[in-house]
Amino acid sequence: MIALRTEREIGLLREANQIVAEVLTTLAGMVAPGITTLELDEAAEALILERGGKPSFKGYRGYPKSTCISVDEVVVHGIPGKQRIEEGQIVSMDVGVLLRGYHGDAAVTVPCGEIDAVKRRLLDVTDRALANGIAAARAGNFLRDIGRAVQDTCEREGFSVVRSFVGHGIGTQMHEEPQIPNFDSGERGPRLRPGMVLAIEPMVNVGGPDVRVLKDGWTAVTKDGQPSAHFEHSVVVTEDAPEILSAAPNLIWGRL
């Protein structure tokens, strides 16, 4: 079953996602050579608690931290720790917030200082892929249309889309139906209806699409060691254009 959220529920989801947006904006401003991924995580947790929320990720299936911080070849689920971020790296930050029974979820990838042309193009294309995926999340379209829009955007530019991880519905649980592939799965899936809330999250690689999970059971890296980018927004399908619940005025991503 795919939940169709009421206006009250959408309001609560919007509040949770606005905390997510604030946290990501703050973290993006902190990324600089020498900062550790743990310092970013601690800042995020403090801000989430200050705003009255709880970190959605901490304790989820045993996950130990409040955010996922993934650097360069790490695709998703990087566990914050002692790693110091270096000039020229790209940093993917994924944040979830539980507020009054509803979850927010979004992610953004930012550069640390000056990055090379390939990484810059990777960020631009992944951002555009998210924007195109969101644009396809319109009432009357099918779930397949989202994945097709993301895949076409990325592969046209010579990048590959990760298939091992997908987007998802979100609401009173962090992961709900439907699963949202970032590629054309060959099945059209359900028709999109107003009130569906979707976390759309392209994960895009410079090299091939294959990933492997490290011994910690969480950290997923590209098999070929090439960089990866991750952008995500939680959006609600409406009668008109989809609304980005996790939009941030000072850090705009996923919008053309």
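The values are calculated or read from the model by the stated rules, or taken from the named source; none is laboratory data. Note that the structure is predicted; figures quoted are calculated from it, not measured. Cβ: placed from backbone, ideal geometry, glycine included. Neighbour counts: every protein chain shown. Ligands, DNA and RNA are stripped out before the accessible areas are found, and what is left, the full protein with its side chains, is counted by its heavy atoms. Shrake-Rupley method; radii C 1.70, N 1.55, O 1.52, S 1.80 Å.
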* Dipole magnitude of the chain, debye to nearest 20 (Cβ charges: Lys/Arg +1, Asp/Glu -1, about Cα centre) -> 500 debye
* To do: Treating only the Cβ atoms of Lys and Arg (+1) and Asp and Glu (-1) as charged, compute the dipole magnitude of segment 110-219 about its Cα centre; round to the nearest 20 debye.
  => 220 debye
* Would you calculate the separation in nanometres between label points at GLN179 and ALA117, each defined as 7 Å from the Cα along the Cα-to-beta-carbon direction? => 3.9 nm
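Starting from the Cα-Cα distance between ARG84 and ASP152, subtract it from 0.36 nm times their residue separation and give me the gain in nm to one decimal. Write down the numbers at each step before the final one.
Values: separation 68, 0.36 × 68 = 24.48 nm, distance 3.46 nm.
Fully extending the segment from ARG84 to ASP152 adds 21.0 nm.
With runs of 4+ DSSP H residues as the only contributors, calculate the mean residue ellipticity of the chain at 222 nm using -39,500 (n - 2.57) per run, divided by the residue total and rounded to the nearest 500. Present the calculation step by step, with values, prior to reporting the outcome.
Values: 4 runs with 70 residues, N = 256.
Theoretical 222 nm ellipticity from helices: -9000 deg cm²/dmol.
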* Structure fact -> Listed residues MET196, MET30, MET174; largest mean-square fluctuation, Gaussian network over the chain with Cα springs below 10 Å, found at MET30
* Asked: Measuring from a point 7 Å past the Cα of ARG193 along Cα-to-C-beta, which residues in segment 224-242 have an amide N at less than 14 Å?
  -> 237-239
* To do: Give the peptides 10-23, 214-227 in descending order of average Cβ contacts within 10 Å, highest first.
  => 10-23, 214-227
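Once a ≥ b ≥ c are taken as the square roots of the eigenvalues of the Cα gyration tensor of segment 67-194, is the result rounded (a/c under 1.5), prolate (a/b larger than b/c) or oblate (a/b not larger than b/c)? Could you put the intermediate results ahead of the total?
Numbers: a/c = 2.39, a/b = 1.31, b/c = 1.83.
Here segment 67-194 falls in the oblate category.
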* Asked: Between ASP216 and ALA139, what is the spin-label point distance in nm, taking each point 7 Å from the Cα along the Cα→C-beta axis?
  -> 4.3 nm
* Structure fact -> Share of accessible surface on carbon and sulfur in segment 129-252, whole %, 1.4 Å probe and ligands ignored, is 45 percent
* Running Debye on the chain with equal point scatterers at the Cα sites and no solvent, what base-10 log of I(q)/I(0) appears at q = 0.09, 0.14, 0.17 Å⁻¹? -> -0.34, -0.87, -1.32
* Cα to Cα, under 20 Å, and not fewer than 8 places away if on the same chain: which lysines meet these conditions relative to LYS223? -> LYS119, LYS215
* Asked: If you count, for each residue, the other Cβ atoms within 10 Å and average over each peptide, how do 207-213, 125-131, 100-106 line up from highest to lowest?
  -> 125-131, 100-106, 207-213
* Asked: Spin-label point model (7 Å from Cα, Cβ direction): what's the LEU251 to MET30 distance in nm?
  -> 1.0 nm
* Asked: Taking the Cα centre of the chain as the origin and placing charges on Cβ (Lys, Arg +1; Asp, Glu -1), which of ALA139, PRO190, ILE85 is farthest toward the positive end of the dipole?
  -> PRO190
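Where in segment 214-256 are there GluC sites (Glu not before Pro) that are in a DSSP coil and have at most 16 other Cβ atoms within 10 angstrom of their Cβ?
Details: sites: GLU232, GLU239, GLU243; in loops: GLU239.
Filter output for segment 214-256: GLU239.
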